[in-house]
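A short write-up of the structure that comes next.
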Amino acid sequence: MVERQMKPVESLFRGYFRSELPVVLAAVKGLKVDKVAAELLRPGRVWLSVHAGIKATEKSVQTALESNGRRWSKRIEGVLGKAAVPFAVDTAYALSFKFPGFPKATQLFIRNYVPKIVDQLAESTRHRIMKTVSRGIEGGLTLPEIEADIRQVYKSWDRSRPEVIARTETGRVASVTQNDVIAEAGLDVIQIWLTARDDRVRDSHEELEGEEREIGEEFSPGLKFPRDPDGPPEETIQCRCSRLLRLNKK
Ligand SMILES: [Zn+2]
């Protein structure tokens, strides 16, 4: 189910990163990395000014990433919201109750959650780009060479990053949607952890296979369900687990 719903999310994030590349290149170019590099090669160079140049470049890259992210936020919200609808319908069907409509709580979650995704992406992108820029400067590369390295980074991302993000975030929204549907219906539900049952499953999740918990109860510290947004990232990113839901007949 997640595999099917994640496709539009994946292509959205692919477009997002493609739109980001020129913005990042412009930010790096605007700060005259060449001058910083020349300073580095000058005899009796002033490390402080090299450092200041890199810092200024970083600030500019960060601003560019943030404004690009803000431009995409509404679209990400829309696409994630659309991807979530079948999960809501499916949950109602699985627990056989009349579906009152897509939960308001899920809409609210998505609206609050998207800025966080955008911030996290900007943060990790900034980190990677600045590593490329600093390395280039220290290695005496010219600006066009540094630009080529940045293009290379985006090219490697194009292959897998949108997919990883789409799988994680579509799955996360699916889990939250299920919870919201159950809460709105006021049902007492037992959840059973199911892994993808292949050799890519985390060891810590393999141990959870078949474990039963009530909704709201933890499966492991901080993890109340697969891809819990409050769970630790090392337990949620790329997680492909799901859960079986059944009414609690006490
Ligand atoms: Zn998992």
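The values are calculated or read from the model by the stated rules, or taken from the named source; none is laboratory data. Computed from a predicted model, the values in this text were never measured in an experiment. A quick note on method: Cβ atoms are made from the backbone with ideal geometry, for glycine too, and the neighbour counts reach across all protein chains shown.
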Is there a residue being of a type in the set (Asp, Glu) and under 18 Å from Pro103 (Cβ atoms) anywhere in segment 186-199? yes
Name the pairs: first residue in segment 187-205 and β-branched (Val, Ile, Thr), second residue assigned to a helix (DSSP H, G or I) and within 11 Å of the ligand (Cβ to nearest atom), Cβ to Cβ under 7 Å, at least 6 apart or on different chains? Thr195/His205; Thr195/Glu206
Could you grab me the full set of residues in segment 218-234 that are crowded, with 20+ Cβ neighbours inside 10 Å, farther than 17 Å from Phe109 by Cα and within 19 Å of the chain's Cα centre (by Cα)? Leu223
Residues in segment 179-208 that are closer than 12 Å to Ala94 by Cβ and either surrounded by 18 or more Cβ atoms within 10 Å (Cβ to Cβ) or not hydrophobic (A, V, I, L, M, F, W, C) (or both): how many? 4
Of all residues in segment 122-150, how many are at pLDDT 95 or above, surrounded by 19 or more Cβ atoms within 10 Å (Cβ to Cβ) and among the hydrophobic types (A, V, I, L, M, F, W, C)? 3
Subset tally (residues that are of a type outside the set (A, V, I, L, M) and within 13 Å of the ligand (Cβ to nearest atom)) for segment 200-236: 21
With Lys104, Lys82 as the choices, which residue is within 22 Å of Glu10 (Cβ to Cβ) and surrounded by fewer than 21 Cβ atoms within 10 Å (Cβ to Cβ)? Lys82
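Residue-wise test of (1) modelled with pLDDT of 95 or more; (2) closer than 30 Å to Pro22 by Cα.
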| position | (1), (2) |
| --- | --- |
| Tyr154 | yes, yes |
| Pro162 | yes, yes |
| Thr168 | no, yes |
| Asp203 | yes, no |
| Glu206 | yes, no |
| Glu212 | yes, no |
Enumerate the strands (runs of 3 or more DSSP E) found wholly within segment 164-250, keeping only those where 3 or more residues are under 24 Å from Glu3 (Cβ atoms). 189-194, 242-247
Exactly one of Val153, Val176, Val164 is in contact (Cβ under 8 Å) with a residue 24 or more places away in the chain, in the same structural domain as Lys82 (by TED's automatic domain parsing), crowded, with 21+ Cβ neighbours inside 10 Å and not aromatic (Phe, Trp, Tyr), and that one is Val176
